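The values are calculated or read from the model by the stated rules, or taken from the named source; none is laboratory data. On a predicted model such as this, the values are computed, not experimentally measured, just so you know. Neighbour counts run over all protein chains shown; Cβ positions are idealised from the backbone, glycine included. These accessible areas exclude ligands, DNA and RNA; they are computed on the full protein's heavy atoms, side chains included. Shrake-Rupley method; radii C 1.70, N 1.55, O 1.52, S 1.80 Å.
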Amino acid sequence: MQTVTPYVMAYLVARFKSKFSSLIMSIVLICMTIPVVDTLPSELAMAHTLGIHDTFWGMFLMRANFLGMYFLVYVAAIKAISPAFAESAKIDGANNFQILYRIYIPMNINTMFTVYLIKFIEYWNEYQVPMLYLPSYPTLSLALNQLLVNSNNQHMSYWVRKLAACMIVFIPIFILFVIFNKRIMGNVSMGGVKE
């Protein structure tokens, strides 16, 4: 969700110049520059109040925002595409959603996929948030915690368990990099409009 939501907002801001788009850009820049300290307790209190704590859809809803660096990356990627594509699609009768879906998303798919992989790695390496927001669901963080904290198996030393936990975290990310390294590192720019 944190790949799609910022892209849709970036599309609106980059394509439609208005006071609203300037306000959105200002809000994003202010949120990125002013440090927000200790927001976790207030987020947990809000989740409890709304009744969405310890639910997957609540976690999904709370993470669906456009604030952050990738919003700015998407704005730059959308502005880099020539407006002639959208103009010719408008002449052919396409509406704004069709222009987004059939022109802008395919032309920025490498950027979106790269952001998706970065967000996947970020969430894969996040252990505190699932333990706080989804305490009754078994997650990787709880399994690793059990592996490191519980010393029921006396045949495995602490360092062996720690190395096993590191490998559990490392192997999926390594496999992703081996499979998608050329796509991630590939050229994300496209051409096609003749002047």
Number of the exception - residue 117 against (1) touching a Phe, Trp or Tyr at 6+ places or on another chain (Cβ under 7 Å); (2) in contact (Cβ under 8 Å) with a residue 24 or more places away in the chain; (3) under 14 Å from residue 11 (Cβ atoms): (3)
Options 24, 52, 30, 34; residue that is out of contact with any Gly (no Cβ under 7 Å at 6 or more places or on another chain) and open to solvent by less than 40 Å² (accessible area, probe 1.4 Å): 24
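With respect to residue 66, determine if the residue is closer than 28 Å to residue 98 by Cα, open to solvent by 60 Å² or more (accessible area, probe 1.4 Å) and aromatic (Phe, Trp, Tyr).
Working: closer than 28 Å to residue 98 by Cα: yes; open to solvent by 60 Å² or more (accessible area, probe 1.4 Å): no; aromatic (Phe, Trp, Tyr): yes.
Considered against the rule, which asks whether it is closer than 28 Å to residue 98 by Cα, open to solvent by 60 Å² or more (accessible area, probe 1.4 Å) and aromatic (Phe, Trp, Tyr), residue 66 comes out as no.
Restricting the search to segment 1-31, which residues are over 27 Å from residue 120 (Cβ atoms) and outside any loop (DSSP other than H, G, I, E, B)?
Pass one, segment 1-31, residues over 27 Å from residue 120 (Cβ atoms): 15-23, 26, 30.
The answer is 15, 19, 20, 21, 22, 23, 26, 30.
Please pick out the residue among 158, 127, 133, 137 that is more than 30 Å from residue 49 (Cβ to Cβ) and at pLDDT 65 or above.
On the way: 127 fails: more than 30 Å from residue 49 (Cβ to Cβ); 133 fails: more than 30 Å from residue 49 (Cβ to Cβ); 137 fails: more than 30 Å from residue 49 (Cβ to Cβ).
On inspection, the qualifying residue turns out to be 158.
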Filtered residues of segment 100-113 (kept if assigned to a helix (DSSP H, G or I), under 19 Å from residue 71 (Cα atoms) and touching a helix residue (DSSP H, G or I) at 6+ places or on another chain (Cβ under 8 Å)): 100, 103, 104, 105, 107, 110, 111, 112, 113
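Out of segment 32-68, which residues are in a helix (DSSP H, G or I) and under 17 Å from residue 123 (Cβ atoms)?
First, pick out the residues of segment 32-68 that are in a helix (DSSP H, G or I): 32-33, 40-50, 56-62.
40, 43, 56, 57, 58, 59, 60, 61, 62, listed by residue number.
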Residues satisfying the stated conditions in segment 77-99, i.e. assigned to a helix (DSSP H, G or I), open to solvent by 60 Å² or more (accessible area, probe 1.4 Å) and without any contact (Cβ under 8 Å) to a residue 40 or more places away in the chain: 83, 87, 90, 91, 97, 98
Residues of segment 124-137 satisfying the condition of being surrounded by 13 or more Cβ atoms within 10 Å (Cβ to Cβ) and either of a type in the set (A, V, I, L, M, F, W, C) or in a helix (DSSP H, G or I) (or both): 124, 129, 130, 131, 132, 133, 134
